[in-house]
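Single-structure report; data block below.
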Amino acid sequence: MTFIAKSFGVAAIMATSALCAFGASAQEPAQNDGLNGTLWLQTSVEYKTTAMSVYAGATRLLPAAIGDHSWTAALEQDGNFMAKKPAVILDVDETVLDNSAYQSWVVTEDTSYSSKTWAAFVNDAISTPTPGALEFTKAAAAKGVEVFYVSNRKAPEEAATIKNLQEYGFPFADEKHVMLRGEIETWGSAKAPRRQAVADDYRVIMLFGDNFGDFTDDIDGSIDERLEVMDKYATYWGERWFMLPNPSYGSWESAAFGNDWKKSPEARRQDKLDSMAPWAGPTE
Ligand SMILES: [Mg+2]
């Protein structure tokens, strides 16, 4: 009897453990590749101070860039631009506006980006300024520099984008200075035509972005090809071109899978793993 009771007790404990284990595994957080990057963007002192440092460095360079009339940051700048009024061009998403709430939604819901949910988020106009962006743009405007916002948000999202920028007092947040994808037929996702349009009338002294395409259109190569383009413009970084970190999304990610979004999520993930250069591990 004792043996039976003990055996039953052990069996009961084992069954309970099995249920607990099953219950625990059913509630385990989803394995989403965006978790760490988005957590870093949204919560870390390390992200915020990096963004603040980028903008602080640019602010210190404003007098030099304004005063040197041969100074230009736009590859599209041509002709005699020395007498043109100075301007800066900034990307919007993850450059002047922080959309980590959208990215966090993607991660916590274990879903993925879609243009439909993104448009709904943009139209809520709840994004907050990227640390340092407001201070920099206001400092530039105070020194007579016009501020242009060149974003791949779509043309129908212009009113919500302007509303969001105006809410925080970003200077020049108007239809002329907010230049979105598709506003004009030639304004596709590549940004050179819009940089060209600004450079036609202004001397573009600084560019800001979180994505390689915010500086050059030569971004769709392999990882090694992108690094070559980066090196080609080595003297621009930190002086005329200012990159904000974005570990959540960007062309750096798609470069790892040949920019082929038709590949399955599993194939893209494998390509990303294969793109890394791991240590061989400890020797026995
Ligand atoms: Mg961006």
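Would you check if residue 214 is more than 30 Å from residue 128 (Cβ to Cβ) and buried (at least 17 other Cβ atoms within 10 Å of the Cβ)?
Here the answer is no, as residue 214 does not meet what is asked.
Could you figure out which of (1) touching a Pro at 6+ places or on another chain (Cβ under 9 Å); (2) farther than 30 Å from residue 258 by Cα isn't true of residue 175?
Only one criterion in (1) touching a Pro at 6+ places or on another chain (Cβ under 9 Å); (2) farther than 30 Å from residue 258 by Cα is unmet by residue 175, namely (1).
Would you confirm, using the coordinates I've provided, whether residue 195 is within 16 Å of the ligand (Cβ to nearest atom), without any contact (Cβ under 8 Å) to a residue 40 or more places away in the chain and surrounded by 15 or more Cβ atoms within 10 Å (Cβ to Cβ)?
In short, no.
Do we find a residue being surrounded by fewer than 18 Cβ atoms within 10 Å (Cβ to Cβ), touching a residue at least 24 places away in the same chain (Cβ under 8 Å) and outside any helix (DSSP H, G or I) anywhere in the range 87-95?
The answer is no; no qualifying residue exists.
Just to be sure, is residue 33 among the charged types (D, E, K, R) and at pLDDT below 95?
Against the criterion (among the charged types (D, E, K, R) and at pLDDT below 95), residue 33 qualifies.
Examine the range 110-121 for a residue that is surrounded by 17 or more Cβ atoms within 10 Å (Cβ to Cβ), within 16 Å of the ligand (Cβ to nearest atom) and farther than 30 Å from residue 63 by Cα, and state whether such a residue exists.
Checking the range 110-121: at least one residue is surrounded by 17 or more Cβ atoms within 10 Å (Cβ to Cβ), within 16 Å of the ligand (Cβ to nearest atom) and farther than 30 Å from residue 63 by Cα.
Being within 16 Å of the ligand (Cβ to nearest atom) and in contact with a strand residue (DSSP E or B) (Cβ under 6 Å, 6 or more places away or on another chain) is the filter here, so list the residues in the range 199-256 that pass it.
Within the range 199-256, 206, 207, 208, 215, 241, 242 meet the criteria.
Just one of the numbered conditions (1) outside any helix (DSSP H, G or I); (2) away from the ligand (no atom under 16 Å from the Cβ); (3) touching a Lys or Arg at 6+ places or on another chain (Cβ under 7 Å) is not true of residue 152; which one?
(2)
Could you list all residues from the range 193-237 that are modelled with pLDDT under 95 and hydrophobic (A, V, I, L, M, F, W, C)?
Scanning the range 193-237 gives a single hit, 219.
Within the range 51-70, does at least one residue satisfy the condition of being more than 28 Å from the chain's Cα centre (by Cα), at pLDDT 95 or above and either among the acidic types (Asp, Glu) or part of a helix (DSSP H, G or I) (or both)?
There is at least one residue in the range 51-70 that is more than 28 Å from the chain's Cα centre (by Cα), at pLDDT 95 or above and either among the acidic types (Asp, Glu) or part of a helix (DSSP H, G or I) (or both).
The values are calculated or read from the model by the stated rules, or taken from the named source; none is laboratory data. Here the structure is a predicted model, which is why all the values come from computation and not from measurement. Using ideal geometry, Cβ is built from the backbone for each residue, glycine included, and neighbour counts are taken over all protein chains shown.
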